[in-house]
Structures are given as structure tokens and as C-alpha cells.
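A.B. asks: One structure is given below, represented as C-alpha cells, and several questions about it will come after.
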Amino acid sequence: MNQDGQNQDGPSQGGQDEPWVSELQGRCPEWLRGEGPAADVVLSSRVRLARNLAGMAFTPRASQDDSELVMTRVRAQLEQLGTDRLSIDLRGCPKERGRLLVERQLISAALLAGRQRQAKGDANQDPRGVVTWLGDERLAVMINEEDHIRIQSLRSGFDLPSALRSADEIDDAIEATLDYAFHPRLGYLTACPTNVGTGARFSVMLHLPALAITGDLERAKRAAHDMALAVRGFYGEGTESAGDFFQLSNQTTLGRSEGMLLDEMALEIVPQIIEYERESRRKLMNTQRVLLEDRVHRALGTARSARLLSSEEAMKLLGLIRLGVVLRVIDDVALPTVHGLMLAVQPAHLSLAHGGELESGDRRAARATLMRDRMKSKGAG
Amino acid sequence: MSDVPDKCAHCTKDKVFHDLKVLPDNTVVEKHACEDCAAEQGFVPLQVGVPAKPTSEKAGTTARACPECGLTFAQFKRVGRLGCPACYEAFERQLTGILDRSQEGGTHHVGKIPRRLLRERTSGTGEPGESLETLLGGAKHRAERLKALGEQLRKAVEQEQYEQAARIRDQIRTASQLAGGGSSADEPGAKA
Ligand SMILES: [Zn+2]
Ligand SMILES: [Zn+2]
């Protein structure tokens with residue numbers, strides 16, 4: 001299904017009856033599939049490429065017309081790629097619907113907010129959008145973020161190489177007719193000099209609950225910092241890491257190729273942290289089994305009985321339950337149930353599932369109800 | 001002051017690019033030519049697709065503002081974002097320190113080159129190796145890259161990560177072909 005037709009009539013996009021809202025809600029995005037290499041510790045792998053069109057101001061200094069032109073050219077180029085394409089214009093998009101895309105990690109919170117352009121006026125009218133592909137949401141192209149083009153490619157589990165391959169393919173497809181701003185010495189030019197060069201950022205989303213329980217998490221985080229990696233929470237910069245989910249990403253983009261950066265993460269740094277977490281899990285299972293079972297079953301008990309839950313508490317519970325499921329300490333909850341809830345308990349997903357009508361107080365009650373329903377013991381049913 | 005000509009040095013077109021070429025002995029030749037003439041002679045536009053604007057009329061202020069978008073370095077420091085691709089040239093000197101800090105000493109791009117650009121540059125009249133070299137930086141950086149790749153290959157084999165090892169070997173092959181093409185000219189004895 002190609003929804004571009006619905007997206008050609010300007011600011012009405014993202015309106016009340018957008019089919020993409022329900023279209024997305026019923027599906028599991030790639031990064032929550034729970035498959036792929038080292039899926040016990042690594043939720044997902046992500047590659048992001050920053051690109052800008054040659055001869056045009058970067059988004060922060062672009063005029064409304066410039067941004068409009070970037071949007072038209074990039075969308076036209078992407079129109080030729082693949083089926084089930086979903087192209088969303090974020091102008092005038094109601095915030096709750098936009099937040100759905102942020103929660104699914106298809107766009108950044110900054111893109112939703114607008115005001116990438118340093119111009120006066122209504123930020124929500126800044127030309128900006130995203131193109132993704134329905135079904136798995138493995139690929140997303142943000143348009144007019146701080147850079148004109150940000151390609152994001154995701155894989156479930158620890159699989160940076162194939163995420164890079166897909167990002168590369170779409171990059172080539174865009175460059176087939178559009179000229180990129182490229183400099184022989186500095187490589188791909190970006191609005192922020194910290195991205196110049198490859199414009200590539202490799203990230204993995206790790207689940208490190210055992211390190212948190214044994215108290216070794218800070219050491220692991222410091223080690224990552226020492227190896228020049230950035231450590232962020234579940235939803236990126238400045239967010240809490242409720243549930244012990246962490247994003248690790250490279251910060252260097254100049255002087256080393258994509259392959260070198262990828263191999264550094266894929267061969268050296270991340271495997272060490274995976275091993276560290278697994279070792280902690282083994283230690284807990286072998287020498288502190290009661291402590292582990294207590295933590296995990298308390299979480300499950302709360303999930304099955306709470307009447308009010310904040311999204312942060314829900315994520316904390318789900319993190320511990322996930323650990324219990326992976327270690328088979330919990331045997332009556334399936335991993336896809338846990339992963340599905342990680343998205344369903346987020347504010348916009350929850351509200352939109354209730355027709356977008358929930359106040360924050362009602363939201364906590366609805367979240368707890370959802371949790372109880374889905375966590376019902378199979379035996380008890 | 002250096003006045004940038006607004007006519008091509010080789011023909012009469014007035015859409016002029018600021019072009020550069022790295023010779024085998026690593027000296028850099030700069031000239032102002034139109035896109036066609038530059039490609040013909042194996043020059044690479046410093047700013048792909050961005051014509052250099054004549055700057056002579058405001059020679060006194062050009063050091064502080066980007067000639068393309070007008071951003072000043074003070075403005076950049078305030079917002080942390082550059083205004084346009086040409087800013088990288090305009091603030092080259094001031095950016096060096098920032099890049100040094102944020103890029104762990106990396107100064108030259110190593111990695112992907114836009115595919116179409118690469119094709120256009122390699123199918124031109126010049127030797128393929130020469131155009132590639134212009135795009136990929138000097139021999140020294142390729143040697144550094146080869147060394148780092150060799151180290152990674154060793155580790156991959158050690159850890160029995162054979163799929164990754166194979167990929168690294170491919171990268172080494174590509175990199176060493178380029179290094180080989182340039183290195184004969186780089187050796188002092190080779191030309192004499
Ligand atoms: Zn000419
Ligand atoms: Zn500029």
C-alpha cells in the first residue's frame with residue numbers, strides 16, 4: 001500500500017483519520033522483534049547516515065523555500081523505492097500522532113518539535129517529514145532535521161553490518177540523482193562539525209539488568225566512555241534509562257571509514273560489554289539465584305496487580321521481567337509480550353489506543369490495566 | 001588581495017569553481033575553472049556543486065563571514081551549527097581545533113565517497129588512480145588506514161570472527177590497490 005497520495009495535500013496531513021496511525025499501532029517494529037545475534041543482551045542495532053544536498057544552506061540557516069525544495073526533491077527520489085512506503089509530512093501534525101513516531105524511534109523528538117530552522121514563525125509549519133517502509137520499519141529517512149537527510153537503518157539484535165548495507169543502498173539510491181555536499185578532505189559535510197566525514201553513527205541498544213543488580217553498571221558505562229562511546233537512555237539524549245536499556249554509539253566520524261568504525265564496535269567494544277552482562281547473569285543464576293528470583297517475581301507480581309503505573313515504572317518492571325523471561329526464571333510470559341508492552345505503555349501509544357482521549361491520570365490507570373491484561377498467567381487462564 | 005576571477009581560466013564560461021588537484025608529490029595545485037574544464041584536467045571542485053562567489057568587493061570582512069550564507073564564526077559558536085557547505089572553507093582555520101577535539105585527531109575523511117561522484121571522477125580522462133587519490137587524501141593516510149585494518153584483521157581472526165575478517169580483507173584489498181597505484185610515484189627513486 002502506498003500512502004503518498006494522502007500526503008500531497010499540505011497541512012491537513014496527520015489529521016484525525018490518518019490511516020497510518022492504526023496501521024503502525026498494530027505492528028511490531030524491527031527493533032522490538034527480539035531476534036538476531038546476541039538478542040539476549042542486544043535489543044537492536046542502528047546505523048544513521050547524515051547527508052546534505054550540495055549548494056544549499058543547511059537546515060538551521062535555510063529559508064522556508066529552501067526547506068520546501070529539499071523536501072520535494074528528497075521525497076520525489078524516495079518515491080521510486082519499494083512498496084508499502086509511508087511518507088509523513090509533519091507540518092501541522094497533531095503532537096500526539098507525532099509522538100507515536102518518536103516512541104517507535106522513527107523520528108527524533110527534535111524533528112517533531114520543528115524549529116530546526118533558526119527563523120521566526122510557527123515551528124510546526126517548518127517543512128519536515130519522514131519516509132519509512134511499513135511492515136518492519138527497518139528504514140526511515142528524516143527530512144530537514146538538522147541535516148537535510150538522515151537515513152536510519154535498524155536491525156533486531158546485534159547486526160550492524162546488515163544495518164549498514166541497507167543504509168548504504170538507500171544512500172546510493174538518493175545520490176543517484178541528487179548531489180550531496182561532499183568535500184575531498186572532510187567527506188560528507190554536515191551542519192554540526194562533529195558529524196563531518198562519514199556522517200555515520202553506529203548504535204546498539206543494550207539491555208544490562210544484571211550489571212545493574214550486581215552494581216557493576218557504572219564500571220561498564222565508564223569503560224564505554226573511555227572507549228569514546230556515548231551512552232544514552234532508551235529514547236536517546238538526556239532520557240532516563242528506565243528498565244536498564246542503554247544506547248551505545250560511536251562519536252568519531254572523521255579519519256576512520258564506516259567499516260573501521262563498525263568493526264571497532266562490532267569486534268571490540270560491544271562484545272566485551274555483552275560478555276560482561278552475560279557473566280553477571282551467570283553469576284546471579286549460580287550464586288545469587290534467590291536474589292534474582294525475588295527481583296524478577298516482585299516485578300511480575302506488581303505488573304499483574306498494580307492499578308496505577310507511570311511509564312517509567314512500567315519500563316522498570318518490563319526490564320526485570322524481560323531478564324526473567326530470557327533466563328527462564330519466568331516461564332509463563334513470552335518475550336514478544338514483553339516487547340509489545342515496551343511500546344504499548346508509552347504515552348502516545350496508550351492514548352491513541354484509547355482514541356487519543358486520555359488525560360495523564362487516566363493514562364496511568366489504563367497503563368496498569370493493559371499491563372495486567374497482557375501479563376495474565378497462561379496457567380490461570 | 002587575492003581576487004577570485006569570475007571567468008574560467010580555460011574557456012569563457014563564468015560559472016566558476018574553486019578547484020584543487022593533489023599531485024603525486026603531495027603538492028596541491030589550485031585553480032579556478034568551470035566544472036567541465038576542471039573535470040577534463042582531473043581537478044576536483046573543492047565544493048561539489050557550489051560555485052565560488054566573487055569575494056573581492058568585501059575583502060575586509062570575508063575572513064569573518066561565510067561568503068555563501070553570511071554566517072559569522074561568532075554566530076556559529078553561539079548555535080553550534082554551520083550555515084552551509086561553504087562554511088567549512090570559510091572557517092577552515094577556526095574549525096581545526098574543534099575538529100581535533102571532537103574527532104580524536106582525525107583530519108581527513110576516510111571512507112565512502114558518493115558513488116556517482118566517484119564514477120564521474122574515475123571515468124574521466126585522467127588516470128583513475130590520480131582522481132581517486134585526489135578524493136581519498138594523501139598516501140600517508142592510506143598507509144595509516146592499512147595499518148589499522150591489519151590490526152583489526154588480526155583481532156578478527158584471533159576471535160574467530162571469520163565473516164568480519166573476510167570483510168576486512170576486502171577493505172584491505174581495495175585500500176592497498178589504491179596505495180599501490182600511488183606509491184610508485186610517491187617513492188623518491190621511482191621518478192628519476
Ligand atoms: Zn571552462
Ligand atoms: Zn556558509
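The values are calculated or read from the model by the stated rules, or taken from the named source; none is laboratory data. Since we're looking at a predicted model, the values are computed, not measured. In this analysis, Cβ positions are derived from the backbone assuming ideal geometry, glycine residues included, and neighbour counts consider all displayed protein chains. We work out accessible area using only protein heavy atoms, side chains counted, and drop any ligands, DNA or RNA first. Shrake-Rupley method; radii C 1.70, N 1.55, O 1.52, S 1.80 Å.
A.B. asks: Does segment A:185-195 hold any residues that are within 7 Å of chain B (Cβ to nearest Cβ), outside any strand (DSSP E or B) and open to solvent by less than 10 Å² (accessible area, probe 1.4 Å), and which are they? Walk me through how you get there before you give the answer.
C.D. replies: Let us first name the residues in segment A:185-195 that are within 7 Å of chain B (Cβ to nearest Cβ), namely A:185-187, A:189, A:191-194.
Then drop every residue that is not outside any strand (DSSP E or B), which leaves A:185-186, A:189, A:191-194.
Residues satisfying the conditions are A:Leu186, A:Leu189, A:Ala191, A:Pro193.
A.B. asks: Let me ask something else about it. Please work out if A:Leu43 is of a type in the set (A, V, I, L, M), surrounded by 15 or more Cβ atoms within 10 Å (Cβ to Cβ) and modelled with pLDDT of 90 or more.
C.D. replies: In short, yes.
A.B. asks: Within segment A:268-284, work out how many residues are at the interface with chain B (Cβ under 9 Å from one of its Cβ atoms) and buried (at least 20 other Cβ atoms within 10 Å of the Cβ).
C.D. replies: The total comes to 0.
A.B. asks: A further question follows. So, in segment A:189-246, how many residues would count as being within 22 Å of A:Arg150 (Cα to Cα) and touching a residue at least 60 places away in the same chain (Cβ under 8 Å)? Full working, then the answer.
C.D. replies: Of the residues in segment A:189-246, the ones within 22 Å of A:Arg150 (Cα to Cα) are A:189-205, A:229-239, A:246.
Within this subset, residues satisfying the condition of being touching a residue at least 60 places away in the same chain (Cβ under 8 Å) are A:189-191, A:195, A:198-205, A:234-236.
Number satisfying all stated conditions: 15.
A.B. asks: Within segment A:254-265, how many residues turn out to be within 7 Å of chain B (Cβ to nearest Cβ) and either farther than 19 Å from A:Ala223 by Cβ or surrounded by fewer than 23 Cβ atoms within 10 Å (Cβ to Cβ) (or both)?
C.D. replies: Adding up the residues that qualify gives 7.
A.B. asks: Of the conditions (1) within 12 Å of another protein chain (Cβ to nearest Cβ); (2) more than 27 Å from A:Gly34 (Cβ to Cβ); (3) modelled with pLDDT under 90, A:Arg222 fails just one. Which one is it?
C.D. replies: Result: A:Arg222 passes all but (1).
A.B. asks: Out of curiosity, is A:Ala212 more than 14 Å from chain B (Cβ to nearest Cβ) and open to solvent by 10 Å² or more (accessible area, probe 1.4 Å)? It would help to see each step written out before you state the result.
C.D. replies: Values: more than 14 Å from chain B (Cβ to nearest Cβ): yes; open to solvent by 10 Å² or more (accessible area, probe 1.4 Å): yes.
Yes.
A.B. asks: Look through segment B:96-112, keep the residues that are at the interface with chain A (Cβ under 7 Å from one of its Cβ atoms) and of a type in the set (Val, Ile, Thr), and return whichever of them is farthest from B:Leu82 (Cα to Cα).
C.D. replies: Per the criteria, the residue is B:Val110.
A.B. asks: Inspect segment A:53-65 for any residue being at pLDDT below 85, in a loop (DSSP other than H, G, I, E, B) and crowded, with 19+ Cβ neighbours inside 10 Å and give the result as yes or no.
C.D. replies: Within segment A:53-65, none of the residues are at pLDDT below 85, in a loop (DSSP other than H, G, I, E, B) and crowded, with 19+ Cβ neighbours inside 10 Å.
A.B. asks: Suppose the filter is in contact with a Leu (Cβ under 9 Å, 6 or more places away or on another chain), assigned to a strand (DSSP E or B) and either at the interface with chain B (Cβ under 9 Å from one of its Cβ atoms) or open to solvent by 30 Å² or more (accessible area, probe 1.4 Å) (or both); does A:Arg201 pass it? Steps first, please.
C.D. replies: On the way: in contact with a Leu (Cβ under 9 Å, 6 or more places away or on another chain): yes; assigned to a strand (DSSP E or B): yes; either at the interface with chain B (Cβ under 9 Å from one of its Cβ atoms) or open to solvent by 30 Å² or more (accessible area, probe 1.4 Å) (or both): yes.
When the stated conditions are applied, A:Arg201 passes them.
A.B. asks: Looking at segment B:77-106 only, could you name the residues that are in contact with a Lys or Arg (Cβ under 8 Å, 6 or more places away or on another chain) and away from ligand 2 (no atom under 15 Å from the Cβ)?
C.D. replies: Within segment B:77-106, B:Gly106 is the sole residue that qualifies.
A.B. asks: If you check A:Arg150, A:Arg138, which single one turns out to be touching a residue at least 12 places away in the same chain (Cβ under 8 Å) and either outside the structural domain of A:Ile269 (by TED's automatic domain parsing) or open to solvent by 40 Å² or more (accessible area, probe 1.4 Å) (or both)?
C.D. replies: None of the others qualify; the one that does is A:Arg138.
A.B. asks: Additional query: On the given criteria, is A:Arg185 touching a Gly at 6+ places or on another chain (Cβ under 9 Å) and without any contact (Cβ under 8 Å) to a residue 24 or more places away in the chain?
C.D. replies: For A:Arg185, the condition - touching a Gly at 6+ places or on another chain (Cβ under 9 Å) and without any contact (Cβ under 8 Å) to a residue 24 or more places away in the chain - is met.
A.B. asks: Can you name every residue in segment A:70-85 that is within 25 Å of A:Phe58 (Cα to Cα) and β-branched (Val, Ile, Thr)?
C.D. replies: Residues satisfying the conditions are A:Val70, A:Thr72, A:Val74.
A.B. asks: If you don't mind, another one. In segment A:86-143, how many residues are under 22 Å from A:Ser63 (Cα atoms) and at pLDDT below 90?
C.D. replies: Number satisfying all stated conditions: 18.
A.B. asks: Exactly one of these conditions fails for A:Leu358: (1) assigned to a loop (DSSP other than H, G, I, E, B); (2) surrounded by fewer than 19 Cβ atoms within 10 Å (Cβ to Cβ). Give me its number.
C.D. replies: (2)
A.B. asks: Kindly check whether there is at least one residue in segment A:113-135 that is out of contact with any helix residue (DSSP H, G or I) (no Cβ under 9 Å at 6 or more places or on another chain), part of a strand (DSSP E or B), on the phi < 0 side of the Ramachandran plot and in the same structural domain as A:Glu275 (by TED's automatic domain parsing).
C.D. replies: Yes: one or more hits.
A.B. asks: Another question, then. Looking only at segment B:69-84, which residues are in a loop (DSSP other than H, G, I, E, B) and farther than 11 Å from A:Arg61 by Cα?
C.D. replies: Scanning segment B:69-84 gives a single hit, B:Gly80.
A.B. asks: Does segment A:163-172 contain at least one residue that is facing chain B (nearest Cβ under 10 Å) and in a strand (DSSP E or B)?
C.D. replies: Checking segment A:163-172: not a single residue is facing chain B (nearest Cβ under 10 Å) and in a strand (DSSP E or B).
A.B. asks: A further question follows. Here's a check for you: in segment B:40-95, which residue that is within 8 Å of another protein chain (Cβ to nearest Cβ) and on the phi > 0 side of the Ramachandran plot is modelled with the lowest pLDDT?
C.D. replies: B:Gly49
A.B. asks: Taking A:Arg289 and the conditions (1) basic (Lys, Arg); (2) within 30 Å of B:Gly150 (Cβ to Cβ); (3) at pLDDT 95 or above, which numbered condition does it fall short on, given that it satisfies the others?
C.D. replies: (2)
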